[in-house]
Amino acid sequence: MKKIAFLMFLSVFLSEIKAQNLTFYGVLPAISQTGRITERIDYNFFVSTTIDMFSQTVNNQAFPARDLQLYIQPSIIYKFSPNLNTSFSYTYQRNNPLSDDYANEHRLWQQVIFGHNAQKLRFTHRVRFEERFIENRVTNMYPLATRLRYQFAANMPLQGKTLDKNEFYLNTYNEFYFSLTGIKNATYSENWSYLGLGYNFGKMGRLEMGYLLQFSVRNMQKDIRMFNLVQTTWITNFSFSLKKKKKE
Amino acid sequence: MKKIAILILLLLMCKSIFAQEKRAKKTEIPDKMTDFIKKTYPNHSKLKFYKELKNDTLHFESTFCSNKNEYTLSFDKIGNLEEIEVTLSFEKIPVEIKQKIKNYLKNNFLTFKIKKTQEVDLKGVLLYEFAIKAKRKTEKKTTEKGFYEIYFDRNGDFIKIGILKLNTIQSLF
């Protein structure tokens, strides 16, 4: 048994050296606020940061613990029906935001999201097309790269048919990232898997905590980067309008 | 007078939407309620029980399938039946009544599409409930597309309409 364990450890260790795969552990706090503009149009403001919690050295290369990404995503949502929404956004992303080796990214995206119910589960399918302008600090240019993302998610209230105040729920998703044009390490370049447990506080919104595994191809040699994250999201949904709703 | 009584009942029903419901264990369910379901719907499947507090009073709800229809039954705390909701096809409504309902919808909406049809038995008051997607003229003479919940009695006479609030489909990142 000991021998098997040792061999397994050795094989993982050797493959790590050969492939130069990297594994990080960190946290990802996020806030998401949705509000009403008109009956059909909502806005969403999503902000997050991704923090690598532990310093490590791999093959003589140091990876200090630091903030790796700041992500600011305002978007406008058009609600075609209870089960079909579209949205668009200008998103700002800054990699290594607190370090000298930072890089900015300006991103435009458009998406369609479709939802359907099956028993207590609410499934959503989201397709997003991104036009990314990622800063090259050497040339000082922002070359265009495009990417297509597909997210499949499921949401389930844990105490009853619907999610009410002071109740728990589960949320899970998998998202596939396909780099289409521009500089890319692979076509299927990233995959994010998430499982979270949430609690609905009512007017104060929902608090969700879960495990997010970000898997990405990090270079042309197809080495991978695995980021194990504890994601905490505060999700609010309120409008600033003081107008009373007209009732029939 | 009858319409006022129905409206009051509907208002009470709408209020209950905001009550909190949780899954209930079989041991919490009054025998009267389980007996009623067994006797009235012997072929039921996918039976689930829920409990909820409406105005500080305990109520029970059960959902199940029977003869390919989806049922939602509401009971008071001692197991007296309060409401039956059955999802059915619009085509199953008697022809004359169906025509009357269609005429009402044609006269009041520019376009409409029926998304869901339910038969409701609210303490003996028999109704039809429809979820529709429709376009209609507003008071400002512009057109407005929306999703509505609309109630008719079993003779096909209009009772009440309410607009469904559209919410954003939530997703992370």
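Enter the per residue convex hull volume of chain B, computed from alpha-carbon coordinates, in Å³ rounded to the nearest integer. It would help to have the intermediate numbers written out before the result.
Values: hull volume 30.2 nm³, N = 173.
Normalising the Cα hull of chain B by residue number yields 175 Å³.
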In whole Å, what are the extents of the protein assembly as shown along the principal axes defined by its C-alpha atoms, from largest to smallest? 84, 64, 37
Cβ-Cβ cut-off under 11 Å around A:I77, Lys and Arg +1, Asp and Glu -1: the net charge is +2
Calculate, axis by axis, the spread of Cα positions in the stretch A:47-111 along the three principal axes, and write the results as whole Å, longest axis first. 54, 22, 18
Based solely on C-alpha atoms, express the radius of gyration and the Dmax of chain A in angstrom. 20.5, 75
Using θ = phi - 60° and the Karplus relation 6.51 cos²θ - 1.76 cosθ + 1.60, list the HN-Hα couplings for the stretch A:193-203 in order, rounded to whole Hz, with x at every Gly or Pro. 10, 9, 9, x, 10, x, 9, 9, 8, x, 4
Does anyone have the angle between helix A:2-19 and the longest principal axis of chain A? Alpha-carbon axes, 0 to 90°, nearest 10? 90 degrees
Once amide H atoms are placed 1.01 Å from N in the peptide plane, what residues at a sequence separation of 5 or more from A:M53, or on another chain, have their amide H within under 5 Å of its amide H? A:Y25, A:G26, A:V27
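Give me the net charge for the shell around A:T146: Cβ to Cβ below 9 angstrom, other residues only, Lys and Arg +1, Asp and Glu -1.
Values: positive: A:R132, A:R147; negative: A:E130, A:E131.
So the environment of A:T146 carries a net charge of 0.
Since every read-out is calculated from the coordinates, none of them should be taken as a lab result. All values derive from a computational prediction rather than experimental measurement. No Cβ is skipped: glycine too gets one built from the backbone with ideal geometry, and neighbour counts run over all protein chains shown.
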